[in-house]
Amino acid sequence: MKNLKTLLYLLAAGTVLSSCGGSSSSSDGYTINGVFHNAGGRTIYLQTFQGRNILRLDSAVLASDGQFSITSPVNPKIDFFQLMLDGHENENVILILDSTMDVHVEATYPNLISNYAVTGSKDSELLVSFYRENDDYYSDFNTFQDQMQSIAPDDNEGRLALNAQRQQRSLEHYEWIKSFINMEIKIESALHR
């Protein structure tokens, strides 16, 4: 299930990335500032992805209240980045940035990926909305599984009713993903501009 979630996140991220478009505010590089609640004094790392490799670009020590700011040189194209906390692979925030963005990130530790918001990057904001919908869906799915376990083995009517609810929720999720993709996809990928 975890690998499926990761695959869905990466597919969504690719979809969002193909939508391109960010706000331009400066041409000197991008700035990421914000706060990681409950993580003061820890170090965050700005990283990018190159094939299967993760490259560390910069780091910052969070102030006692979790505030931080990272400014990076001009990146000629839109790309994926992550802010990772103290080297914990599962404590990260995924961003889509280009060289013209000033981005604000607000996150709460632990479980950053499920507890963050971004402003200043439309693509990153869309990615967050995708993560939220998937989190909600998987939470609902787990609830359905728990409820199914609590139904008596001979209660076929109860099982059928719950299964119908699960199928309806799956259909709603599928339709949401289709509309999400159709809402933001453009034929020409930002990576080829």
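Hey, could you check the range 147-184 for residues that are of a type in the set (S, T, N, Q) and open to solvent by 90 Å² or more (accessible area, probe 1.4 Å) and say which is farthest from the chain's Cα centre (by Cα)?
Once the filter is applied, the top-ranked residue is 156.
For residues that are within 19 Å of residue 113 (Cβ to Cβ) and either open to solvent by 30 Å² or more (accessible area, probe 1.4 Å) or at pLDDT 95 or above (or both), tally how many sit in the range 45-55.
Residues meeting the conditions: 3.
Residues checked against (1) more than 30 Å from residue 102 (Cα to Cα); (2) without any contact (Cβ under 8 Å) to a residue 40 or more places away in the chain:
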residue	(1), (2)
131	no, no
138	yes, no
160	yes, yes
163	yes, yes
166	yes, yes
170	yes, yes
177	no, no
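Output the qualifying pairs, or none if there are none: Cβ atoms under 6 angstrom, residues six or more apart or on different chains, first residue in the range 104-123 and in contact (Cβ under 8 Å) with a residue 24 or more places away in the chain and of a type outside the set (Ser, Thr, Tyr), second residue open to solvent by less than 20 Å² (accessible area, probe 1.4 Å) and in a loop (DSSP other than H, G, I, E, B).
Filtered contacts from the range 104-123: 120/101.
What number goes with the only condition from (1) within 15 Å of residue 45 (Cα to Cα); (2) open to solvent by less than 30 Å² (accessible area, probe 1.4 Å); (3) more than 10 Å from the chain's Cα centre (by Cα) that residue 90 does not pass?
(2)
I need the full set of residues from the range 96-130 which are crowded, with 19+ Cβ neighbours inside 10 Å, in contact with a helix residue (DSSP H, G or I) (Cβ under 8 Å, 6 or more places away or on another chain) and at pLDDT 90 or above, in order please.
Correct list: 103, 116, 118.
Looking only at the range 131-146, which residues are open to solvent by less than 70 Å² (accessible area, probe 1.4 Å) and either in contact with a helix residue (DSSP H, G or I) (Cβ under 6 Å, 6 or more places away or on another chain) or closer than 23 Å to residue 95 by Cβ (or both)?
131, 132, 133, 134, 135, 137, 138, 140, 144
The values are calculated or read from the model by the stated rules, or taken from the named source; none is laboratory data. All values derive from a computational prediction rather than experimental measurement. So basically every Cβ, Gly included, is an ideal-geometry build from the backbone, and we count neighbours across all protein chains shown. Protein only, heavy atoms only, side chains kept; ligands, DNA and RNA dropped before computing areas. Shrake-Rupley method; radii C 1.70, N 1.55, O 1.52, S 1.80 Å.
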